[in-house]
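After the structure tokens below, expect a handful of questions from me.
Here, each number is a calculation from the coordinates, and none is a lab measurement. Every value quoted in this text rests on a predicted model; they were computed, and no experiment measured them. Cβ: placed from backbone, ideal geometry, glycine included. Neighbour counts: every protein chain shown.
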Amino acid sequence: MILVTGATGSIGGHLVRRLADDGVPFRAMVRDEARGEALGVDFVVGDFDDPDSVARALDGVDRLFLNAGGAVPADGEQPMVRQQRDAIDAARRAGVSRIVKISVWGAEEGGRLAVGAHWRIEQHLKASGVEWSLLQPSGFMQNFVTGAGSFTADGDLIGNHLDAPVSYIDAQDIAACAAVLLTGWRGAGETYVLTGPEALTQTEIAARLTTAVGTTVRNVGMPPAEMAAALTAQGLPARFADDVATLWAGIADGALATTTDAVRELTGRPPRTFDEFLAENRDALQAVLAPRH
Ligand SMILES: NC(=O)c1ccc[n+]([C@@H]2O[C@H](COP(=O)([O-])OP(=O)(O)OC[C@H]3O[C@@H](n4cnc5c(N)ncnc54)[C@H](OP(=O)(O)O)[C@@H]3O)[C@@H](O)[C@H]2O)c1
């Protein structure tokens with residue numbers, strides 16, 4: 001039995017559908033019963049902040065897909081470090097034999113936000129004694145649909161001012177890789193950096209969005225301080241906005257500028273292109289951008 005956490009999220013939603021289509025026995029962990037019902041699959045209510053509920057969710061589970069979106073931390077501390085470390089310990093106690101964890105490309109000690117948080121969780125997982133596989137994705141194409149600090153109030157792209165390319169990946173491909181690791185024997189003790197098939201600059205992305213959605217999206221190329229101010233104006237805590245801007249400064253230096261072959265290696269097919277993503281998500285993108293123009 002597989003337990004899928006983060007089952008209602010960008011990756012988890014695709015993973016749940018894929019496992020269900022393939023007839024793989026699994027259970028989805030959700031915080032909200034109604035959202036579980038809506039998934040239409042076997043589910044259990046559980047919250048990483050409620051250890052008893054996580055222990056119940058893990059009953060009889062052999063493999064764990066470990067993922068949750070990071071809540072925006074007002075004080076800079078990422079709750080997911082405590083949440084996921086506790087979940088790893090609970091999984092070990094429950095006799096789980098493999099954990100497949102979503103991390104982030106470039107996870108490193110002392111890194112800002114998720115970059116440092118995932119590194120700390122990775123270390124805990126590697127020391128847990130449970131077999132593990134790590135997926136370290138590049139930026140998600142889905143960020144343009146969820147908002148995720150991608151656009152200004154005027155519908156322009158918030159991005160790196162040096163316009164370095166980013167090899168965005170579709171969350172569908174992350175889910176496909178996770179499914180391979182959850183259902184087979186490959187990948188024990190392996191870390192996979194997952195990227196899309198091409199690295200695109202913000203200027204190229206703005207042009208493609210403009211064509212796909214039919215409204216003009218510009219790349220305004222904000223320097224870090226200006227970007228932090230724009231995010232704060234959207235209601236994000238100042239420290240968080242500052243950390244995001246710092247991460248983008250790294251991206252401007254090319255931190256996410258290359259591509260890897262890991263998606264093809266794991267799934268046997270190439271990763272989805274940004275144009276495929278745009279074609280499939282045109283309505284959702286229009287809904288995000290229309291109120292800003
Ligand atoms: N976005 C990027 O560009 C990017 C790049 C690299 C790595 N990542 C990493 O990817 C992960 C996010 O993945 P995603 O985009 O699939 O997530 P997502 O769409 O943000 O969804 C978050 C999921 O986590 C669940 N969740 C949140 N808090 C929870 C809690 N306390 N207990 C149980 N479940 C909880 C949510 O459930 P509800 O439905 O109840 O809210 C939801 O299913 C993060 O760790 C992030 O660091 C993101």
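What is the projected area of the convex hull of the Cα atoms of the range 1-153, averaged over all directions, in nm²?
9.6
Under 5 Å between amide H atoms, partner at least 5 residues away or on a different chain: which partners does residue 142 have, H built in plane at 1.01 Å?
It is 171, by chain and number.
Suppose every Lys and Arg Cβ carries +1 and every Asp and Glu Cβ carries -1, with no other charges. What dipole size does the range 2-137 come out with about its Cα centre, to the nearest 20 debye?
Working: 16 positive and 20 negative charges, 72 e Å.
Using Cβ point charges on Lys, Arg, Asp and Glu, the range 2-137 gives about 340 debye.
How long is the gain from residue 92 to residue 33 if the chain were fully straight, where each residue apart is worth 0.36 nm and the alpha carbon distance is subtracted?
On the way: separation 59, 0.36 × 59 = 21.24 nm, distance 2.59 nm.
Going from the current span to full extension adds 18.6 nm.
What residues qualify as long-range amide H neighbours of residue 160, i.e. H under 5 Å apart, gap of 5 or more or another chain, H built at 1.01 Å from N?
none
Any chance you could tell me what percent of the C-alpha pair distances in the chain go past 23 Å?
Values: 23627 of 42778 pairs.
Counting every Cα pair in the chain, those more than 23 Å apart make up 55 percent.
Counting DSSP beta bridges with both partners in the range 2-137, what percentage is antiparallel, nearest 5?
Close to 0 percent.
Would you calculate, for the chain, the mean residue ellipticity at 222 nm contributed by helices, counting each DSSP H stretch of 4 or more residues as -39,500 (n - 2.57) and dividing by all residues, to the nearest 500?
Values: 13 runs with 131 residues, N = 293.
For the chain, the value works out to -13000 deg cm²/dmol.
For the chain, with a Gaussian network of springs between Cα atoms less than 10 Å apart, report the residue from 254, 60, 184 with the top mean-square fluctuation.
Looking only at 254, 60, 184, the largest GNM fluctuation is found for 184.
With 10 angstrom as the radius, rank 163, 156 by how many other C-beta atoms surround their C-beta, starting from the fewest.
Arranged by neighbour count, lowest to highest, 163, 156 become 163, 156.
Could I ask something else about it? So, R0 is 25 Å and r is the distance between the beta-carbons of residue 154 and residue 287; what FRET efficiency does that work out to, to 0.05?
0.95
Non-local amide H neighbours of residue 191 (under 5 Å, H modeled in plane, Pro and chain starts lacking H): which ones?
Answer set, sorted by chain and number: 134.
Would you mind ranking 100, 288 so that the residue whose beta carbon has the fewest other beta carbons within 10 Å leads the list?
The order, fewest Cβ neighbours first, is 288, 100.
For the residue pair residue 238 and residue 123, what label-to-label distance in nm results when each label sits 7 Å from Cα along the Cα-to-beta-carbon direction?
About 3.0 nm, to one decimal.
For residue 226 and residue 210, compute 0.36 nm times the residue count separating them, minus their Cα-Cα distance, and round to one decimal in nm.
3.4 nm
Which one, 117, 100, 5, is farthest towards the positive end of the dipole of the range 2-137 when Lys and Arg carry +1 and Asp and Glu -1 on their Cβ?
So the residue furthest toward the plus end is 100.
For the residues 251, 205, 11, what sequence is obtained by ranking on other C-beta atoms within 10 Å, fewest first?
The order, fewest Cβ neighbours first, is 251, 205, 11.
List the relative contact order of the range 2-137 as a percent without decimals, with contacts defined as Cα pairs under 8 Å and 6+ residues apart.
Reported as a whole number, the value is 20 percent.
Pick out which of 152, 201, 210 has the largest mean-square fluctuation in a Gaussian network model of the chain, springs linking Cα atoms closer than 10 Å.
Answer for the Gaussian network model of the chain: 210.
When the dipole is taken about the Cα centre of the chain, and only Lys, Arg (+1) and Asp, Glu (-1) are charged at their Cβ, what size is it in debye, to the nearest 20?
That gives a dipole near 380 debye.
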